[in-house]
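In what follows, a single structure is set out as structure tokens and then discussed.
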Amino acid sequence: MKGYSDLFSYNRKTIESNNVEMSKAVAKTEENKFPIDLQLFASKHIKTTRGEKLLKQISNVKLKNFVSQVFRKNAEIGDGGLADAIKEQIKTGKLVRNKDHIIKGRERLVNLGRILKNERLTKRERKIASKLYKEIDNALKEIK
């Protein structure tokens with residue numbers, strides 16, 4: 001199984017490369033007597049999604065749940081949001097990951113409309129919710 005050994009070799013090299021980079025950072029820190037900024041180190045290697053960024057700005061439980069439902073961490077299309085999945089489905093005429101995002105978009109707009117109407121949101125949350133509503137609505141308007 002050459003494929004598995006190649007993959008293992010690649011992963012081992014990647015890990016070794018990151019370990020060497022971290023060791024250099026530690027050595028430099030010890031030299032200069034400054035603490036390592038692990039968050040800065042991690043930020044170079046870990047990408048934060050748009051959904052994760054939005055979740056950090058929201059305290060309303062229903063809006064948080066909504067954002068969690070319309071953004072995917074491991075998405076391969078656009079920013080991982082429902083609007084981009086709808087656009088892709090319209091463009092290709094095929095389901096994205098075997099799901100009909102057009103139907104999901106229509107359902108989520110109703111849900112988000114209720115959140116905007118009934119929930120007590122901060123100005124920031126209301127702005128986020130309104131922007132998401134417009135994005136999904138505009139994506140759905142592309143249906144011919």
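Restricting to DSSP loop positions (anything but H, G, I, E, B) with no more than 13 other Cβ atoms inside 10 Å of their own Cβ, which trypsin sites (Lys or Arg not before Pro) remain in the range 80-119?
Taking the range 80-119 and a limit of 13 other Cβ atoms within 10 Å, the loop trypsin sites (Lys or Arg not before Pro) found are 94, 97.
Residue separation times 0.36 nm, minus the C-alpha to C-alpha distance between residue 94 and residue 59: what's the value?
9.1 nm
Provide the gained length on full extension for the span residue 126 to residue 143, in nm with one decimal, where the gain is 0.36 nm per separating residue minus the Cα-Cα distance.
Residue separation times 0.36 nm, minus the Cα-Cα distance, leaves 3.5 nm.
So how far apart, in nm, are the two label points at residue 49 and residue 133 if each is 7 Å from Cα heading toward Cβ?
Using points 7 Å along Cα→Cβ, the separation is 2.4 nm.
Since every read-out is calculated from the coordinates, none of them should be taken as a lab result. In this text the structure is predicted, and so the values were computed from the model without any measurement. Glycine also receives a Cβ, built like all others from the backbone with ideal geometry; neighbour counts cover every protein chain displayed.
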